[in-house]
Amino acid sequence: MKSNSENIKIDGIDKKILRFLMADARKPVLEIARKIGISGAAIHQRLRKLEASGLIAGSKFIINPKVLGYTTMAYIGIYLDKAMSNPLAVKELQKIPEVLECHYTTGNWSILIKVLCRDNEHLMHVLNRDIQQIEGVSRTETFISLEQQIDRQITI
């Protein structure tokens, strides 16, 4: 996403378009246009402007991991032996498919990651075999998510 120190200005029509698409990215543009009362071409033009600004970046399908047998979500705080270990650790974490997110943090941990595993045994395997073997990782602290109770984007 394009980083910009200035905030983008969006009007009420942009907000309506974004709300429709955030609810269902597959909603036909002409249907949105009818509901808002502008042309489909105007919607396409506004979407191109919003993409160019970096506010929106494409669309994606959401996979339900439970259907594939992935039921254990965990957050792992990673302690590094020194700050200089961060780039190498992140490079190695990128190779682990179960790692969904990686954040450089303040506080006790150097890195906070979100992982998705089939079950607790799989999580233990990923921790012991993959994460804790990374050079520079001194220890980890794991929190298993029992249930995700809120899942949303920022309000437009």
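If you check MET124, MET73 for being in the same structural domain as ARG139 (by TED's automatic domain parsing) and either within 17 Å of the chain's Cα centre (by Cα) or charged (D, E, K, R) (or both), only one passes: MET73. Cβ-Cβ contacts under 8 Å between residues 6 or more apart (or on different chains), taken from a first residue in the stretch 49-70 that is of a type in the set (D, E, K, R) to a second residue that is surrounded by 12 or more Cβ atoms within 10 Å (Cβ to Cβ), are listed as LYS60/ALA25. Checked against the criterion of being over 22 Å from LEU68 (Cβ atoms) and outside any strand (DSSP E or B), the candidates GLU147, GLU141, GLU121, GLU135 yield just one match: GLU135.
Would you check if ALA25 is at pLDDT below 95 and surrounded by fewer than 13 Cβ atoms within 10 Å (Cβ to Cβ)?
On the way: at pLDDT below 95: yes; surrounded by fewer than 13 Cβ atoms within 10 Å (Cβ to Cβ): no.
In short, no.
Note on the stretch 105-121: among residues that are polar (S, T, N, Q) and under 16 Å from LEU80 (Cβ atoms), the one that is farthest from the chain's Cα centre (by Cα) is ASN108.
Taken as a whole, the condition of being farther than 30 Å from ASN7 by Cα, part of a loop (DSSP other than H, G, I, E, B) and of a type in the set (A, V, I, L, M, F, W, C) applies to ILE63. When the stretch 42-56 is limited to residues that are in a helix (DSSP H, G or I) and under 25 Å from the mean Cα position of the chain (by Cα), the one that is nearest to ILE13 (Cα to Cα) turns out to be ARG46. Looking at the stretch 82-113, which of the residues that are modelled with pLDDT of 95 or more and charged (D, E, K, R) is surrounded by the most Cβ atoms within 10 Å (Cβ to Cβ)? That would be GLU98. In the stretch 26-39 there is at least one residue that is closer than 30 Å to CYS117 by Cβ and not in a helix (DSSP H, G or I).
The values are calculated or read from the model by the stated rules, or taken from the named source; none is laboratory data. These numbers come from a predicted model, not from an experiment. No Cβ is skipped: glycine too gets one built from the backbone with ideal geometry, and neighbour counts run over all protein chains shown.
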